[in-house]
Amino acid sequence: MIWGNLEKKQEIVKIMQSLVLDQVGITLKLGKRQSIYTSRFIGIHLRESSSAQSHDDPMLIIERLAPEPGNVLIQSTPKVSLHFFFDKNFFRFKSQYRGISNTYPSYGFLLNFPRCLEFRERRSEDRSVFERPDLISAEFTLGGEGSKGKRYSLRVHNYSKHGVGLVIAEKDMELVDTLKIGERINCIAFYTSEAIITNISGSVRHITRIKGGEYQGYYILGIESKDIIPINETIDAIL
């Protein structure tokens, strides 16, 4: 499919402001291996200039990456590829790491503001046969909608046609006591390397402690969902 280019600064700024307001999830590709990580847009940093006539571009602020190794890799990677889904279109752009934001409440990483966005429209007639995509992470909110609830972003450990296993890391350990077997979780968003799949619902099947390996001491949150099956169709529509 052919990609389009959006180069109008005002339109790009409006999109970025909307993404920050909604704290939209993104995927990033880093390093020579183009390893995939997830994050969110959380702010726009206005750069101060020594000249009153100078108009420096702002910088984007993204939150810390998941999984954790991405937070080290991004600081040594000259180019970063970012991907996100907005208003029925899939967008991507290349940026560069510029530093760390330590200003409350926007703690995270600073990236160059995009001067061009590539996009392709979601069209039903563009569907094609597509292999099951690799799910990278999942996001959901508990305790109320919007600002009233807490947003969780968990790494996908494994998945099948009817369910998915998510890693509960140390920062989210309260989920072990908060969630109950059979509890329903609505509006789950899944991230792949090329798209974001939203409005998936599921039930807690199990919460199991990991006894060895990379995630030893963490827990697997098993989510059972009939919505996992149509993910292929959703990806086809996006791509």
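Things to note:
- For the range 1-26, the set of residues classified as part of a strand (DSSP E or B) and under 14 Å from L111 (Cα atoms) consists of I26 only.
- Within the range 73-114, strands (runs of 3 or more DSSP E) holding 3 or more residues that are of a type outside the set (S, T, Y) and within 23 Å of T192 (Cβ to Cβ): 80-86, 89-95, 106-112
- Looking across the range 144-183, just one residue is loosely packed, with under 12 Cβ neighbours inside 10 Å, more than 17 Å from S201 (Cα to Cα) and of a type in the set (S, T, N, Q), and that is S147.
Quick note: the coordinates plus some simple rules give every number you see, no bench work behind them. Just so we're clear, the structure is a prediction, and the values are computed from it rather than from any experiment. Please note: Cβ atoms are built from the backbone with ideal geometry, for glycine as well, and neighbour counts cover all protein chains shown.
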